[in-house]
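Note sheet for the following structure.
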Amino acid sequence: MSDRTSRQQPSDLDAFWLKEAERLDWMTKPSKAGNWSWAEDDLRIAWFEDGVLNASVQCLDRHVAAHPDRTAIIWEGDSPDVSERITYREAFEEVCRMANVLKARGVRKGDRVILYMPMVPEAAYAMLACARIGAVHSVVFGGFSPEALASRIEDCGATAIITADGGRRGGKTIPLKANVDKALEKASGIRLVLMVQVTDEKVAFEDGRDLWWHEARDDVTPDCPPEPMKAEDPLFILYTSGSTGKPKGVVHTTGGYMTYAAYTHEKVFRVEPEREVYWCTADVGWITGHSYIVYGPLANGCTTLMFEGVPSYPDAGRMWAVVEKHEVAVLYTAPTAVRALMRESDELVTKHDRSSLRLLGSVGEPINPEAWRWYHEVPGEGRCDIVDTWWQTETGGIMITPLPGDPMDKPAAATKPLPGIVPAILDADGKPIEGPGEGGLVITQSWPGQARTVWGDHERFVQTYFSTYKGAYFTGDGARRDEDGDYWITGRLDDVLNVSGHRMGTAEIESALITHKAAAEAAVVGYPHDVKGQGVHCYVILKEGYEPSDELALELKKTVREEIGPVATPDRVQLAPGLPKTRSGKIMRRILRKIAEGHPDQLGDTSTLAEPEIVDKLIEGAKGFK
Ligand code: PRX
């Protein structure tokens, strides 16, 4: 057993990262590692600048040369009766074909392509096909609405979309193409909609714009030379929520991101590529799906499992049935799934053979010690280590985590940074806290997987991450360091919610609510939720002439679904007579949070409120919620 406290940090970071970059197949090897400045007036981040490579080559060509018949992707369908194994050679050919189809339809290096896909192998092909020709993909989670899709299409100026007729999840069908059609009533600039046939849904077809993948693939060859890309050419944009405004298009580039995805995937999961099956249950619409279903595992030549469905279908034993069926060695999932499954009978787990399991991972939100223990004891039989990995869309890959073999004596601690990552905890004045203590979690040295900018708005990138603490990347999270130097993530310090591992901005939900004709003002806060981690509590003030009713509350929930998507559906809508504001008009969210959390006794000082009597009415109104 290794000792966590002695995890080695390299003394020369540049030399360390240059060495790590050697795990990739470069067309031109880089001669230098980082070239970055985090000064507010000169913020730039570059890694391996003079290197040239193609991301799809890392994931395909070199494995086709070495082990063409190894399974690259095991695809498990929504229905337990359907699965498929795809070799590296087959994946390579499909990716080349898709790349050729895109090329034939005029998609060029640097163009932006939106992917709005279900969890089918073609989603991975589409990402890699874009990478192959140097197009920049932006995957939009299938649970987002046409409105949300339209705003992302517009923001990145996409010219093509890859989607499916529909998606299957838990026995239901999601009308992806119909959503695309609706989005395209609002967003302009799309010349191609490439559509994968998944569900046999009846869909509209616009000649000249729409194209069926199964028809187009037969007209092209299974060979497409990879576009040589500079290390700093963008690989993808991924939209994520912050505390203000619309979601930001976080930009990741090619050389640094690929190095970091491959490095962290190997370091944390230690998969034996020729023998073990690795399964990350995320959706490709999130960063976890990018780094740990597609780019990381495929760069490392692993067999990656892609699951179309949900852990609760056809029953809550599905996850363990899949582990048994495909002899999964490493399972990487989210605490929300663990919490949902631990409410069910343990027999749903134990009736499945889990002897193949070696390592369990957790990602996306804090895992509570109770869920950690259950995950360790029941699915993991007390013999599988747990890696509770802390990271973010912006970090590109895992940053702070226990490693397999570490002592498993601190359930739910993030423990130590990976070699090459230099975190610090700062106090309110921006001074580093040495030794035990709690404060804002920052990273003090750049690393290759770091996001480079916000698409089209570099200033927003600078403001969001580099203005709170001078010269450091601020994560938005709080952290505590214990006596052993181990890190514990304490949660977001800003107005970002984490609902079932999905990151959401309260401002986004508020904007969605006030698109309803009856809503005058809204304030959204999170509250602890047994399964989701956080639930969404909305306080809505109605306009003159509207009376509170259950129907109106329901309508407001529906409005959020339509504006953002089912993932953001509020758990509670409280139609309130007013909001607690200071005399200068600032909403006191602390008070709203305490009320939603069910702690009206902990409101603290309310004397600065313009109308203190509002508070009692809000407390009364919140009593109806469980
Ligand atoms: O608050 C942290 C939480 O999720 C945020 C990042 O969300 P996102 O960009 O969507 O990326 C999710 C996948 C990495 C973080 O700022 N978070 C993520 N992992 C953990 C976590 N909180 C506690 N423990 C974790 N392991």
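So here's what we get for this one:
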read-out: Residue among Met408, Met399 that alone is touching a residue at least 24 places away in the same chain (Cβ under 8 Å), of a type outside the set (Gly, Ala, Ser) and within 12 Å of the ligand (Cβ to nearest atom); value: Met399
read-out: Residues satisfying the stated conditions in segment 372-391, i.e. open to solvent by less than 10 Å² (accessible area, probe 1.4 Å) and within 16 Å of the ligand (Cβ to nearest atom); value: Tyr375, Ile386, Val387, Thr389
read-out: Filter result (in a loop (DSSP other than H, G, I, E, B) and touching a residue at least 60 places away in the same chain (Cβ under 8 Å)) within segment 326-345; value: Ala334, Arg343
read-out: Leading residue by the ranking (farthest from Asp494 (Cα to Cα)) among those in segment 392-405 that are touching a Lys or Arg at 6+ places or on another chain (Cβ under 8 Å) and surrounded by fewer than 22 Cβ atoms within 10 Å (Cβ to Cβ); value: Pro404
read-out: Some residue of segment 308-325 being surrounded by 21 or more Cβ atoms within 10 Å (Cβ to Cβ), in a helix (DSSP H, G or I) and within 16 Å of the ligand (Cβ to nearest atom); value: no
read-out: Criterion: within 16 Å of the ligand (Cβ to nearest atom) and modelled with pLDDT of 95 or more - qualifying residue of Thr264, Thr244; value: Thr264
read-out: Condition met for Arg318 (basic (Lys, Arg) and touching a residue at least 60 places away in the same chain (Cβ under 8 Å)); value: yes
read-out: Which listed residue is in contact (Cβ under 8 Å) with a residue 12 or more places away in the chain and over 28 Å from the mean Cα position of the chain (by Cα), from Asp223, Asp207; value: Asp223
read-out: Test: residue in segment 583-593 that is crowded, with 20+ Cβ neighbours inside 10 Å, modelled with pLDDT under 95 and in a loop (DSSP other than H, G, I, E, B); value: yes
read-out: Tally of residues being open to solvent by less than 20 Å² (accessible area, probe 1.4 Å), out of contact with any Asp or Glu (no Cβ under 8 Å at 6 or more places or on another chain) and either free of Cβ contacts under 8 Å to residues at least 24 places away in the same chain or within 11 Å of the ligand (Cβ to nearest atom) (or both) across segment 476-517; value: 6
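Each row is one residue, and each column tells you yes or no for (1) open to solvent by 30 Å² or more (accessible area, probe 1.4 Å); (2) β-branched (Val, Ile, Thr); (3) in a loop (DSSP other than H, G, I, E, B).
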| residue | (1), (2), (3) |
| --- | --- |
| Glu147 | yes, no, no |
| Asp155 | yes, no, no |
| Ile162 | no, yes, no |
| Thr173 | yes, yes, no |
| Ala178 | yes, no, no |
| Asp181 | yes, no, no |
| Leu211 | yes, no, no |
| Pro225 | yes, no, yes |
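To keep it simple, each residue is scored yes or no on (1) open to solvent by 70 Å² or more (accessible area, probe 1.4 Å); (2) more than 27 Å from the chain's Cα centre (by Cα); (3) over 30 Å from His458 (Cα atoms).
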| site | (1), (2), (3) |
| --- | --- |
| Leu24 | no, no, no |
| Thr28 | no, yes, no |
| Leu43 | no, no, no |
| Asp50 | no, yes, no |
| Ala55 | no, no, no |
| Val64 | no, yes, yes |
| Ile74 | no, no, yes |
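The values are calculated or read from the model by the stated rules, or taken from the named source; none is laboratory data. Bear in mind that the values here come from a model prediction, so they are computed numbers and not experimental data. Note that each Cβ is placed from the backbone with ideal geometry, even for glycine, and that neighbours are counted across all protein chains shown. When the accessible area is computed, the model is the full protein with side chains, heavy atoms only, and any ligands, DNA or RNA have been set aside. Shrake-Rupley method; radii C 1.70, N 1.55, O 1.52, S 1.80 Å.
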